[in-house]
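Beneath this line is the structure, given in C-alpha cells, with notes to follow.
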Amino acid sequence: VQDAAEYKSSKYNPVWAMMNESIDNDLIDLSRIENQEEKCDFDLIVIVRMCFFDFQYCEMLKDALGNEFRWWYTQGEDSHVYWSENHMAMYLSSYVLYDQKVPQSSDSTLRNRFLNILRVYLQMKIDYGFFEFFSTTYNRYTLDALLNLADFSNEEDIRVDATRAAKRLLRDQLLTSSLYGGRVTVAGRDKWSKIAQPYNQDINCVLNLLTGTPAMTVANESLVAAFVSTSKMELDGSVYKYWGDDLNERIHLGLSLNKLMSYVKQKIPDRIDRLTFLFSAGLYSHPDVVDETVWAVNEYSLQNQLSQLGPLLNASNPKQMATSFYAMTSGGGTHDVDVHIYRHKGVMLSSLIAYNSGFSGYQQTNIGILLGDTAPAIGTGGTLEDPTDESSLENAYLNTHLPCINQVDNVALLAYRYHDQIPLFTDNLNVFVFWPAKSFDETNRITNEYGTFLMGRRGDAYVAIYTHRKADTLSELVNSNKQGQIFVVIVGHADEYSNFSHFKEIVQAADINFSLTESKLEASVKVDDKSISIHWSLSGRGSCKVSPSPQTALPNYDVAIYVVSVVGALIVLGGIIVAYRMITRNQKATKLVTDAMPLLTS
C-alpha cells in the first residue's frame, strides 16, 4: 500500500481495487484487449483480478471485449499467442474466472473444455514442475494467473490445485535466490536483460514481501508483488522449504518426451489443446511434433507467430526435414532437465547438466553465476563489443549452440562444441564471457600454462572463470568462435577460503586437462578436492557423458521428500509392530499390520 501511494502506476491497480479506492482512468488502459493485440492477456489477468474486488471492472472488461474476442485458437488467427506456459495460464484462467462473473454463453462446452485443460495443466505443474522453470521473465505472469485461480475459482479442485502450483512456483523462486534476495539462475526460458540484473526486477519485490530481503534496492513498481500482496493464499512452510543460507542440490525437473506426449494424449481430447502443451515445453520443431505444428499453422493461420520455423513450414515432409537436421530442431525442449544449484549467502552457482549439448537452443539459461549484486555470464551467439557492459548482452545471447556442463558443489566445468549442422544455418558461433569488471571490488587476470583465469571479488564473494584462451586484451579473451572450447567456473566466499588471496591460490593450483579430436572431446578439472570430467562423443548425434553422473539427482524434489517421509513412517511403524509382537506374542500385531496396510498403501 505504501508503494502504491508513492508510485502512481497501473501495476498497483489490484491494490487500489481491493481497498475500494478510486483509480484514475488513465491508469486503466484496456486498449490492447479492445484491439485484440498480441500479449493482451497481460492486461486480462489484471482487470479480471480487479473484477473480483469491484464489479465495475467487469463492466469495463465487458465493453473492451466486445462480442468477437478470441479466447482461444480461431481460424484466421493472426495476433494472439496462447501456447507458452505463461500465456496458457493467463488466457485460460481469465476466461473461466470472467465467465463466473459474466457468463459468456448458455452453452458450457468451452468453459468445460478450458477447465479440463486447467486441471491437467495444474496437476502437471504440481507433479513435474514448470517448463519455464526458474524464469525471472516469465514465472511472474504464470504466478499472477495461478493466484487468480487460487483466490477466486468457484471450482474447489481448481482452487486447491492452483494454490499448490502457486506455492511450488513461489518455492522455486526462493530455491534459486540468494540469502540476500538476488536472483541469477539457470532457466527454461529467460531474457538476458533480466539475468544480468540480480536485483531491481519484479520478482525481487516478491522476495522482499516473502522474506524481508534484500538489503539492496528492489524495483519500485511490481505487478506480481501487487498480486501476491492482495492474495488470500496462506504462505506455509512448504513455500520456504529451500530458502536460507546453504544449499547444494542436484534436482530433476520434468518428464520424458514419451511420457509427456502420452500424458496429454490420455487426458486432453482436442488435438490443438494437446499440441499446446507440447508447445509450452518448447517442442515446436521437434521431429516427433513438427507434423502437428505444421497442421496447426495451416489450420489456424499461425504463419506470423511461428515464422521462426522457416523452411519446416513449407517442407513436403516436415518430419523428415526435422529429423535430418536434428541439431537445429531438437534442442529447444525444456521438459526433462537435471539442475545443480549451489548457494552460500550471496554466492550462487547453478547449471543445466549435460543438456542438449551441441544443439541449437532457444531462451534457455545454461549457467547462472551470482556474487551478491554482480553476475558474470557465459553464452553463445553474438560478439560482445564491450564485455563489461550488460546492455550488449541482449543482442549477443542467442543460444546458437548449447554447452555440455557438469557441476560439483561450487565448481562447474563447461565444454562448447557446436554440431556440424549448426554452421549451415548461422554464422553466429561465438562463445562469449560477460565480465562486469566495474562491479567488482577487485579483479585479476592471470595466464599460466593451461590458459587464462579471470578472477573477481565482490565483498566477501569470489569468482574465477578459466578459459583455455590466451589473449592480450579482455575483448579478445572473452570472444571466440573457435570450434571446441572449455571453461571452468569456481565461486567461493570468505567463510570457506579465508580471503581472496587464498582463493586465488586454490584456483591457480587447479589441474585442468582438455583434448579435442574429430571423434571426441574430453575435459577434466581437479580443484579443491573436487573432480569433474566430461566425455563427449562427437560421432553421429553426439553423446555427452559427465562424471559424477546426474543419475544421482533427486527424481523430483516434491516426490522425493514424500517418498522419504513415507518410508521413514513405515520403518518407525514396523519397529513398533515388531517390538509389540515380541512382547505380546499374540495375534494383535498381525491384525494391526493387516488393518494398517491399506492406509499406508494409499
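Summary of values
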| item | result |
| --- | --- |
| Filtered residues of the range 355-371 (kept if small (G, A, S) and either free of Cβ contacts under 8 Å to residues at least 60 places away in the same chain or in contact with a helix residue (DSSP H, G or I) (Cβ under 6 Å, 6 or more places away or on another chain) (or both)) | S360, G361 |
| Flag if S543 is modelled with pLDDT of 50 or more, under 26 Å from A327 (Cα atoms) and open to solvent by 70 Å² or more (accessible area, probe 1.4 Å) | no |
| Long-range neighbours under 8 Å by Cβ, at least six apart or interchain, first residue open to solvent by less than 40 Å² (accessible area, probe 1.4 Å) within the range 505-530, second in a loop (DSSP other than H, G, I, E, B) and among the hydrophobic types (A, V, I, L, M, F, W, C) | L521/L538; V525/A510; V527/A509; V527/A510 |
| Any hit, the range 337-344, residues being β-branched (V, I, T), within 30 Å of S177 (Cα to Cα) and in contact with an Asp or Glu (Cβ under 6 Å, 6 or more places away or on another chain) | yes |
| Yes/no for F134 being touching a residue at least 24 places away in the same chain (Cβ under 8 Å) and on the phi > 0 side of the Ramachandran plot | yes |
| Matching option when the condition is free of Cβ contacts under 8 Å to residues at least 40 places away in the same chain and closer than 23 Å to T400 by Cβ, among V297, V289 | V289 |
| Where a residue in the range 1-16 is touching a residue at least 12 places away in the same chain (Cβ under 8 Å) and under 17 Å from V46 (Cα atoms) and its partner, wherever it lies, is assigned to a loop (DSSP other than H, G, I, E, B) and among the acidic types (D, E), with Cβ under 6 Å and at least six apart | S9/E221; K11/E221 |
| Residue in the range 1-19 that is small (G, A, S), open to solvent by 20 Å² or more (accessible area, probe 1.4 Å) and at pLDDT 95 or above present | no |
| Residue list for the range 372-399, restricted to those being outside any helix (DSSP H, G or I), open to solvent by 30 Å² or more (accessible area, probe 1.4 Å) and not hydrophobic (A, V, I, L, M, F, W, C) | D373, T383, E385, D386, T388, D389, E394, N395 |
| Boolean, Y284 is in contact with a strand residue (DSSP E or B) (Cβ under 9 Å, 6 or more places away or on another chain), of a type outside the set (D, E) and either without any contact (Cβ under 8 Å) to a residue 60 or more places away in the chain or part of a loop (DSSP other than H, G, I, E, B) (or both) | no |
| One residue from G456, G484, G492 being open to solvent by less than 50 Å² (accessible area, probe 1.4 Å), on the phi > 0 side of the Ramachandran plot and within 33 Å of the chain's Cα centre (by Cα) | G484 |
| Cross-chain or 6+ apart pairs with Cβ under 9 Å, the range 233-258 first and free of Cβ contacts under 8 Å to residues at least 12 places away in the same chain, then buried (at least 20 other Cβ atoms within 10 Å of the Cβ) | E234/T163 |
| Within the range 248-278, considering residues that are acidic (D, E) and out of contact with any helix residue (DSSP H, G or I) (no Cβ under 6 Å at 6 or more places or on another chain), the one surrounded by the fewest Cβ atoms within 10 Å (Cβ to Cβ) | D270 |
| L402 vs. criteria modelled with pLDDT of 95 or more, of a type in the set (A, V, I, L, M) and either part of a loop (DSSP other than H, G, I, E, B) or open to solvent by 10 Å² or more (accessible area, probe 1.4 Å) (or both) | yes |
| Residues of the range 314-371 that turn out to be open to solvent by 10 Å² or more (accessible area, probe 1.4 Å) and either in contact with a Cys (Cβ under 6 Å, 6 or more places away or on another chain) or assigned to a helix (DSSP H, G or I) (or both), as a count | 12 |
| Filtered residues of the range 221-247 (kept if open to solvent by 20 Å² or more (accessible area, probe 1.4 Å) and part of a helix (DSSP H, G or I)) | L223, V228, S229 |
| Residues (over 20 Å from L97 (Cα atoms) and assigned to a helix (DSSP H, G or I)) located in the range 17-51 | N25, D26, L27, S31 |
| Scope the range 401-429; condition hydroxyl-bearing (S, T, Y) and under 16 Å from A354 (Cα atoms); matching residues | Y416, Y418 |
| Residue that is most open to solvent (accessible area, probe 1.4 Å) [pool: residues in the range 417-442 that are among the aromatic types (F, W, Y) and assigned to a loop (DSSP other than H, G, I, E, B)] | F425 |
| First in the range 319-345 and in contact (Cβ under 8 Å) with a residue 24 or more places away in the chain, second anywhere and charged (D, E, K, R) and part of a helix (DSSP H, G or I), Cβ under 8 Å, 6 or more apart | K319/D291; H344/D495; H344/E496; K345/D495 |
| Yes/no for N200 being without any contact (Cβ under 8 Å) to a residue 60 or more places away in the chain, assigned to a loop (DSSP other than H, G, I, E, B), within 18 Å of L371 (Cα to Cα) and not aromatic (F, W, Y) | yes |
| The range 184-207, residues that are buried (at least 24 other Cβ atoms within 10 Å of the Cβ) and of a type in the set (A, V, I, L, M) | V184, V186, A187, I195, I203, V206, L207 |
| Which listed residue is surrounded by fewer than 17 Cβ atoms within 10 Å (Cβ to Cβ), assigned to a helix (DSSP H, G or I) and either touching a residue at least 60 places away in the same chain (Cβ under 8 Å) or touching a Lys or Arg at 6+ places or on another chain (Cβ under 6 Å) (or both), from S475, S501 | S475 |
| Residue match in the range 439-449 (condition: in contact (Cβ under 8 Å) with a residue 24 or more places away in the chain and over 24 Å from A196 (Cβ atoms)) | yes |
| In the range 287-313, the residues that are of a type outside the set (S, T, N, Q), farther than 20 Å from Y418 by Cβ and outside any helix (DSSP H, G or I) | D288, V289, L302, L306 |
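The values are calculated or read from the model by the stated rules, or taken from the named source; none is laboratory data. None of these values were measured; they are calculated from a predicted model. So basically every Cβ, Gly included, is an ideal-geometry build from the backbone, and we count neighbours across all protein chains shown. Heavy atoms of the whole protein, side chains included, go into the accessibility calculation; ligands, DNA and RNA do not. Shrake-Rupley method; radii C 1.70, N 1.55, O 1.52, S 1.80 Å.
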